[in-house]
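The values are calculated or read from the model by the stated rules, or taken from the named source; none is laboratory data. Since this is a predicted model, take the numbers as computed values, not measurements. Every residue, glycine as well, gets a Cβ built from its backbone with ideal geometry; the counts of neighbours run over all protein chains shown.
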Amino acid sequence: MSSTPTNAAATTARRVADDHVARVAALDPGVTTWLGLDPTDDRMPDLSPQGCDALADLARDALRRLDALPGDAAADPAEQVCTRLLRERLTSELQVHDAGEHFRAVRNLHAPAHQLRGILTQMPTVTEEDWIPVLGRLRKLPAALEGHRATLVEGVKRGLLAAPRQAEVLAAQLTEWTGEESGTAGWFAEFVEPAPAPLRPELDAAARAATEAVAGFRDWLRTDYAAAAQGTPDAVGRERYLVWARQFTGSDIDPAETYAWGWEEFHRVWAELRAEAERVLPGATVREAREHLNRHGHIVQGAEAMRAWLQQIMEDAIAALDGTHFDIAGPLRRVETRIAPAGSAAAPYYSGPSLDFSRPGRTYLPLANGDAQERFHTWRLVSTWYHEGVPGHHLQIASWAAEAERLSRYQVTLGKISANVEGWALYAERLMDELGFLTDPARRLGYLGKQMMRIVRVIVDIGMHLELAIPAHSPFRPGERWTPELATDFMDDYVGMPPAARDSEILRYLGRPGQAIGYKLGERAWLAGREAARTRQGSAFDLKAWHMAAIRQGSLGLDDLTDQLAVL
C-alpha cells in the first residue's frame, strides 16, 4: 500500500475510507510507521496547531466525500458497516478537535510527547540502512517537540489547560527519559547503542540533542506551564466527559446508568473475590490473601526472566487454543513480550503488527509491575497476558491486519475503537477462566482482581469527572463525593495494587476521561452478542466458529457491536 493519496474518484465508502488512510499517512509519519508503509520515512509528526488543524481538515474532507456518494453506494451490507464506522469516527474525532482538546494534551499516557518516542520504537533497527531514517527522526525530534509546545502555549492563551498534576507526572516521566536521576546518559543514548559503528557518532550526537530538547520541554512544563495551570480542576465535567466517552466507546453513554451498573458489578465480583480468598488461605480476607501471595506466592526474579516467563505464557496459550477454540496460523502465531521503556506509565500494553507483519505484535511490561528488587509476583500477571497477548489484543488486532484487504484498511487501523478492543481483551480473560486456565486459586484471585480493577475504573472515572456521590449501598464512604484522593483509597481497599501502579491508574483516568470505562462496557457488549448468537442458533451454535467470525469483522463501536455479533 502506498502512503500517498489516491487520485481516483471514490465511489464507495470503502474507497473513501482507504483513501482517507492514505491521506492521513501522507500527513502523519506516525501512521506511516505504525502501518509499516515506508521504512525509509524519516519525518516526525507535526504537533503544532497547524499540524493538528491539517488532520482535522482531512477528516472534514472525508466526511464531505462520504456525503457525496450516490444513494445506492451503501446497498451492500459490508459497505453500510464501513459507512457507519467512518462517519461516526470522523464526527467524533472532529468533536474532540473542535473542543480544543489538543491544546491541553498533557497526561501520563498517550500524550504527544510519548508519540515522538514511540515512533522510534516501532522502526526497524537491524541493518545500517534501517538506522538512517532513525537518525533523521532523532534530528527532527527537537523541532517536533517545539511544535507541541507551541500548541500548548496556544492552549494557555485560550485558557485550555491540563490539570497541574498531569504536568507534574509528565515532567517526572521525561526526567526518567533524560537519565538525570539514574545517572545514565538517558533513554535516547541507550536506544542508539546497538547501531552500527559508522553511524554511531551522528546517532550519539542526535541522541544528546533529543535528550536536551526533552529536558528543556520538561523544565518548561515544571515552570511556565505549571504556573499557568494552577487552579485547573482535575474533573473535566459532563460536557467534556461525554465528548471523550463517545471517542473511546463509539456510543453516547448514559453516565447514570453506567455508574449504577458499575456498582452492581462491584458487589457481584467482590463476593467472588471473598470466596476465592478463602481458597487461597482459609479464613483470610481478600487483603490478607493478597498479602499471603505476595509473601509466599510464585515470584520471578529479574526483568529479563519475567519477560521470558510471560512470553512462554503466550506461547502456551497459542498451543492450547489453536484448533480447539481458534485457528491461529501464520503470522498470528508471532507475538513478542518486551520490557517497556523507562518513563512509561505503569499499565502493561500492546502494540499491533504492521500491515505486512514485518513488525510483529508486541506486549510490554513496565517495571512498575515489580518491586524495588525487580521481583515479579506472577499471580497478578497471568490473566493480564491473556488480555494483552493471546487470546486478547494480539489475536484480535493481528486478525484484523490479516483481513485488511477483505475489509477496508480503515476498519482495521484508524477506525479502531478502544471499547471494542479492550472489551474483547477483557472477554478473553473471562474466556480463559471459563475454559479452565485459571483454576489455580492464586491465578484466579489475580484474574478477579483485574476484573475488580476494571469495575472500579467505571465507578471512579465517571464519579471523579462528574463529581458524583457514592451510593448508600457502598461499603466505602457512602454519601461522599468522589475526589482523586477518595479514588486512591478506594483502589487501595478493593484492588490492592502496588502504590506506583495505583497512582498511575488514577492519573490515567484523570488525563484520559472516558477511556477507562470501555473495558467493562466493551466486555458487556461482547458477552451480550455471544449470548444473542447462542440463543439465535440454539444447538447449532459453534463457539470456535463464532470466535473466528467475531475477531475478523473489524472495528465497530458499541452502538453496533452487540447487534453485529448476534448475527454471526
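Of everything listed in (1) more than 21 Å from residue 453 (Cβ to Cβ); (2) touching a residue at least 12 places away in the same chain (Cβ under 8 Å), the single unmet condition for residue 266 is (1). Does residue 486 meet the test of being in the same structural domain as residue 371 (by TED's automatic domain parsing), within 30 Å of residue 111 (Cβ to Cβ), under 18 Å from the mean Cα position of the chain (by Cα) and not small (Gly, Ala, Ser)? Judged against the criteria, residue 486 is not a match.
Does residue 126 satisfy the condition of being buried (at least 16 other Cβ atoms within 10 Å of the Cβ) and either at pLDDT 95 or above or farther than 16 Å from residue 221 by Cβ (or both)? So residue 126 does not fit the description; no. The set of residues in region 503-530 being under 14 Å from residue 109 (Cα atoms) and either part of a helix (DSSP H, G or I) or of a type in the set (Asp, Glu) (or both) consists of 503, 504, 505, 506, 507, 508, 509, 510, 511. Looking at region 148-236, the helices (runs of 4 or more DSSP H) lying wholly inside it that each contain 3 or more residues that are closer than 30 Å to residue 126 by Cβ and at pLDDT 95 or above sit at 164-178, 187-191, 200-220.
I'd like to check something: does region 370-388 contain any residue that is among the β-branched types (Val, Ile, Thr), farther than 19 Å from residue 309 by Cα, in contact with a Lys or Arg (Cβ under 8 Å, 6 or more places away or on another chain) and buried (at least 21 other Cβ atoms within 10 Å of the Cβ)? Within region 370-388, none of the residues are among the β-branched types (Val, Ile, Thr), farther than 19 Å from residue 309 by Cα, in contact with a Lys or Arg (Cβ under 8 Å, 6 or more places away or on another chain) and buried (at least 21 other Cβ atoms within 10 Å of the Cβ). Of all the numbered requirements in (1) β-branched (Val, Ile, Thr); (2) touching a Gly at 6+ places or on another chain (Cβ under 8 Å); (3) more than 23 Å from residue 293 (Cβ to Cβ), residue 455 misses one, and that requirement is (3).
The one condition from (1) under 26 Å from residue 391 (Cα atoms); (2) surrounded by fewer than 17 Cβ atoms within 10 Å (Cβ to Cβ) that residue 445 does not meet is (2). The set of residues in region 438-469 that are in a helix (DSSP H, G or I), over 21 Å from the mean Cα position of the chain (by Cα) and among the charged types (D, E, K, R) comprises 443, 444.
Would you please name the residue that is modelled with the lowest pLDDT, looking only at residues in region 1-29 that are within 15 Å of residue 69 (Cβ to Cβ) and surrounded by fewer than 15 Cβ atoms within 10 Å (Cβ to Cβ)?
As a first pass, look at region 1-29 and keep what is within 15 Å of residue 69 (Cβ to Cβ): 8-20.
Checking which are surrounded by fewer than 15 Cβ atoms within 10 Å (Cβ to Cβ) leaves us with 8-9, 11.
On the way: 8: 50, 9: 61, 11: 85.
Applying the filter and picking the extreme gives 8.
Looking at region 492-502, is at least one residue of a type in the set (D, E, K, R) and crowded, with 24+ Cβ neighbours inside 10 Å? Within region 492-502 (the criterion being of a type in the set (D, E, K, R) and crowded, with 24+ Cβ neighbours inside 10 Å), the answer is no, since none of the residues qualifies.
Taking residues in region 16-34 that are under 10 Å from residue 119 (Cβ atoms), and partners anywhere that are assigned to a helix (DSSP H, G or I) and of a type in the set (S, T, N, Q), the pairs with Cβ atoms closer than 8 Å and at least 6 places apart or on different chains are 30/115. Step by step: first the residues of region 47-101, then only those that are under 22 Å from the mean Cα position of the chain (by Cα) and acidic (Asp, Glu), then the one that is nearest to residue 406 (Cα to Cα). Which residue is that? Among residues in region 47-101 that are under 22 Å from the mean Cα position of the chain (by Cα) and acidic (Asp, Glu), the one nearest to residue 406 (Cα to Cα) is 88. Considering only region 344-364, I want to know if a residue exists there that is loosely packed, with under 14 Cβ neighbours inside 10 Å, over 20 Å from residue 422 (Cα atoms), assigned by TED's automatic domain parsing to the domain that holds residue 390 and not aromatic (Phe, Trp, Tyr). Yes, because at least one residue in region 344-364 is loosely packed, with under 14 Cβ neighbours inside 10 Å, over 20 Å from residue 422 (Cα atoms), assigned by TED's automatic domain parsing to the domain that holds residue 390 and not aromatic (Phe, Trp, Tyr).
Picking from residues in region 78-111 that are outside any loop (DSSP other than H, G, I, E, B) and over 20 Å from residue 55 (Cβ atoms), the one that is modelled with the lowest pLDDT is 78. Return yes or no: is residue 262 assigned to a helix (DSSP H, G or I), buried (at least 21 other Cβ atoms within 10 Å of the Cβ) and small (Gly, Ala, Ser)? Yes. Enumerate the pairs (first residue in region 66-82 and closer than 11 Å to residue 11 by Cβ; second residue anywhere and at pLDDT below 90 and of a type in the set (S, T, N, Q)) with beta-carbon separation below 9 Å, excluding pairs fewer than 6 apart on the same chain, so at least 6 apart or on different chains. Hits for this filter: 69/11; 70/11; 73/11. Residue 182 meets each of the listed conditions (1) buried (at least 19 other Cβ atoms within 10 Å of the Cβ); (2) under 26 Å from residue 339 (Cα atoms); (3) of a type in the set (Ser, Thr, Tyr) apart from (1).
Here is a list: 500, 472. Which entry is among the hydrophobic types (A, V, I, L, M, F, W, C), out of contact with any helix residue (DSSP H, G or I) (no Cβ under 9 Å at 6 or more places or on another chain) and either in a strand (DSSP E or B) or assigned by TED's automatic domain parsing to the domain that holds residue 370 (or both)?
On the way: 500 fails: out of contact with any helix residue (DSSP H, G or I) (no Cβ under 9 Å at 6 or more places or on another chain).
Of the residues listed, the single one that is among the hydrophobic types (A, V, I, L, M, F, W, C), out of contact with any helix residue (DSSP H, G or I) (no Cβ under 9 Å at 6 or more places or on another chain) and either in a strand (DSSP E or B) or assigned by TED's automatic domain parsing to the domain that holds residue 370 (or both) is 472.
What residue, of 334, 290, 338, 274, is among the basic types (Lys, Arg), assigned by TED's automatic domain parsing to the domain that holds residue 363 and crowded, with 16+ Cβ neighbours inside 10 Å?
On the way: 334 fails: crowded, with 16+ Cβ neighbours inside 10 Å; 338 fails: crowded, with 16+ Cβ neighbours inside 10 Å; 274 fails: crowded, with 16+ Cβ neighbours inside 10 Å.
Selected residue: 290, the only one of 334, 290, 338, 274 that is among the basic types (Lys, Arg), assigned by TED's automatic domain parsing to the domain that holds residue 363 and crowded, with 16+ Cβ neighbours inside 10 Å.
The residues of region 30-62 that are in contact with a Leu (Cβ under 9 Å, 6 or more places away or on another chain), in a loop (DSSP other than H, G, I, E, B) and either of a type in the set (Ser, Thr, Tyr) or surrounded by 18 or more Cβ atoms within 10 Å (Cβ to Cβ) (or both), listed by number, are 36, 37, 44, 45, 46, 47.
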